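Asks: The structure follows.
Here, each number is a calculation from the coordinates, and none is a lab measurement. Quantities reported herein were computed from a predicted structural model and do not represent experimental measurements. Note that we place each Cβ from the backbone using ideal geometry, even for glycine, and neighbour counts take in every protein chain shown.
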Amino acid sequence: MSVAQAEIEKIAELARIRIADSEISTVTERISSILEMVDQMQAVNTAAVEPMANPLDASQRLRADKVTESDQREQFQQLAPLVEDGLYLVPRVID
């Protein structure tokens, strides 16, 4: 797929991207080459390829699911200015 220089100019205008007149031909060639590469990648038959979660096919080590800290809720609530039924009371900010 190739892109015309006029299309690049129009896209640049719509996107509010300033491209110097001397660079438009270079940008057009680079975008055309990118689109050609995408066309090549789309032409590859990937029907037999199974999706992977990780390209290295590695698994993540998980830590043990165990409690590592004690419950200090009562101590923290004793420091709070206002507490009711185990909840911290704060000033109303929205009417």
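Asks: What's the number of the only condition in (1) on the phi < 0 side of the Ramachandran plot; (2) part of a loop (DSSP other than H, G, I, E, B) that R16 fails to meet?
Replies: R16 satisfies all of (1) on the phi < 0 side of the Ramachandran plot; (2) part of a loop (DSSP other than H, G, I, E, B) except (1).
Asks: Which residue pairs have Cβ atoms closer than 8 Å, lie 6 or more positions apart in sequence or on different chains, and pair a first residue in the range 74-86 that is part of a loop (DSSP other than H, G, I, E, B) with a second residue that is charged (D, E, K, R)?
Replies: The qualifying pairs are G86/R73.
Asks: Of the residues that make up the range 46-66, is at least one exposed (fewer than 10 other Cβ atoms within 10 Å of the Cβ) and in a helix (DSSP H, G or I)?
Replies: no
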